[in-house]
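The values are calculated or read from the model by the stated rules, or taken from the named source; none is laboratory data. In this text the structure is predicted, and so the values were computed from the model without any measurement. For neighbour counting, all protein chains shown are included, and Cβ atoms are generated from backbone atoms with ideal geometry for every residue, glycine included. Each accessible area value is taken on the protein alone, full model and side chains, heavy atoms only, with ligands, DNA and RNA left out. Shrake-Rupley method; radii C 1.70, N 1.55, O 1.52, S 1.80 Å.
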Amino acid sequence: MYELIIVGAGPAGITAAVYAARKKIDFLLVTQDVGGQTLLSSDVENYTGYQFITGPELVAKFEEHLKQFNVGLKKDEPVERILQAKEGHFVVETKKAAYSAKTVIVASGRRPRWLDVKGEEPLRNKGVSYCATCDGPLFSKKNVVVIGGANSALDATLQLIHIASYVYLININPELGGDPIMRDKVQAAKNVKVFNSAVTKEIFGAQFVEGIKFEQNGVANELKVQGVFVEIGSIPNSNIVDFVAKNNNGEIIVDNLNRTNMPGIFAAGDVTDVPEKQIIVAAGEGAKSVLGVSRYLYQSGS
Amino acid sequence: MAKIKVYSTPTCPYCIRVKNYLKEKNILFENIDVSVDEAGLAEMIRVSGQMGVPVISIDGDVMVGFDQEKIDSKLGLG
């Protein structure tokens, strides 16, 4: 039985692993990928020590740091479930195996929220995308729609105006949200049209996206586009554990020592109710969580 | 030697990782930047039936995304 299993290897999980290795805790790092959402960040300009770095480059630095230690890393193994076998004994299940530990740090991050309309699932990767940074360049000189109205949608729009011919922004609220600076840029762009109070009803297309149907003030409308970028926020990957307290958004509730309400289960990073979803915040939370685990293991006499 | 094509864009994170991985292993590949190469993009869509990048073709065997284990087994790396 391990002393600790860290679930997820984004900034929180990797930092936790570095701290755990230095504390000589007997642990395992189980994850789908190394980097998490940071892989999808284009420009990072607020991680101390790097005035400018891309997400993938920062992840490479994290990995390099991690490789300084002999870390038990299970990659390409998304965790499916965390169970409690008995008090102080938890089981982390993947498709390949089940691992036992005295403590667990849940650092499983977040994933893009789906629109949940007809056509979205079958046309995924066939014109429907959740990452403008990744897939935007495929839509050179094409017409695209961005769905959303807050910062991530504005950011996607501002990336796409330089690539696509025309960008439609479908915003469910009466006015755009997000930062005023970005909003002004979007509104000043010549090849953008914003539809406010607009609800997306369907994405259609035979093999690839051909357009969307939406409703604005009760009037049905349609746009012919080749790309649909869904930017309506993210949801926490917290459904792998069902015996800890969560808030209304599904985020795992932690105290300032990263403890959940279940002794032995800790959580860190974007999966928690800690308000700021930032790389540097997640990394700091990852560090704190291991210090919490270390104290817990010491107090419980192991 | 296996004929390898990587259909990619300059910004997609997994594209960067695939290319870095192949370079690290000293494996030659043809990079097709589908953000500028329209014929390349059409070819990628035809062989993979979808628009996600990266697409990796090893001797005509097509895979979508960076799956290191699959690449390793196809190229006999480890």
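The table below lists the values:
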read-out: Within the stretch B:35-74, backbone nitrogen closer than 13 Å to the virtual label 7 Å beyond the Cα of B:Lys25 toward Cβ; value: B:56-59, B:66-74
read-out: Theoretical FRET efficiency, 1/(1+(r/R0)^6), r = Cβ-Cβ of A:Ala220 and A:Asp273, R0 30 Å, to 0.05; value: 0.15
read-out: Ratio of the Cα radius of gyration of the stretch A:18-58 to 2.2 N^0.38 Å, where N counts its residues; value: 1.48
read-out: Spread of Cα-to-Cα distances over 5 Å intervals beginning at zero, given as percent, for the stretch A:128-230; value: 3, 14, 27, 26, 20, 9, 2, 0
read-out: Total accessible area lost when A and B pair, probe 1.4 Å, Å² to nearest 100; value: 1600
read-out: Residue mean of other protein chain beta carbons inside 10 Å, B:45-53; value: 5
read-out: Stokes-Einstein translational diffusion, the stretch A:1-116 - Kirkwood Rh over all Cα pairs, 1.306 mPa s, 10 °C, in µm²/s; value: 106
read-out: Listed residues A:Glu77, A:Glu222 arranged by accessible area, highest first, probe 1.4 Å; value: A:Glu222, A:Glu77
read-out: For peptides A:234-242, A:43-51, A:107-115, A:170-178, sequence by mean Cβ density within 10 Å, most packed first; value: A:107-115, A:234-242, A:170-178, A:43-51
read-out: Computed label-point distance, nm, for sites A:Ile172 and A:Leu291 using a 7 Å Cα→Cβ extension; value: 3.9
read-out: Listed residue (A:Ile163, A:Phe204, A:Met182) projecting farthest to the positive dipole end of the stretch A:160-246, Cβ model; value: A:Ile163
read-out: Kirkwood-based shape ratio for the protein assembly as shown, expressed as Rg/Rh from alpha carbons; value: 0.99
read-out: Length-normalised contact order for the stretch B:4-75 - Cα pairs under 8 Å, 6+ apart - percent; value: 37
read-out: Rounded to 5, the percent of DSSP beta bridges in the stretch A:1-115 classed as antiparallel; value: 50
read-out: Fraction of beta bridges assigned by DSSP in the stretch B:4-75 that are antiparallel (%, nearest 5); value: 65
read-out: Point-to-point label distance, B:Asp67-A:Gln207, nm (Cα→Cβ direction, 7 Å offset); value: 2.2
read-out: Pairs of Cα atoms farther than 17 Å apart, chain B, %; value: 37
read-out: Radius of gyration and maximum dimension Dmax of the stretch A:56-180, Cα, Å; value: 20.3, 59
read-out: Beta bridges per DSSP with both ends in the stretch A:127-233, % antiparallel, nearest 5; value: 45
read-out: Å² of accessible area per residue within the protein assembly as shown, as computed with a 1.4 Å probe and no ligands counted; value: 48
read-out: Top positive-direction residue, dipole computed over the protein assembly as shown with Cβ charges, set A:Val44, A:Pro11, B:Val6; value: A:Pro11
read-out: Estimated inter-spin distance, A:Tyr50 and A:Met1, nm [label 7 Å along Cα→Cβ]; value: 3.8
read-out: Sulfur and carbon atoms: percent of accessible area, the protein assembly as shown [1.4 Å]; value: 48
read-out: Average partner coverage of A:136-144, which counts Cβ from other chains inside 10 Å; value: 4
read-out: Length added when fully stretched, A:Lys67-A:Ala188, from 0.36 nm per residue minus Cα-Cα; value: 38.9 nm
read-out: Counting all C-alpha pairs of the stretch A:110-168, share separated by more than 17 Å (%); value: 36
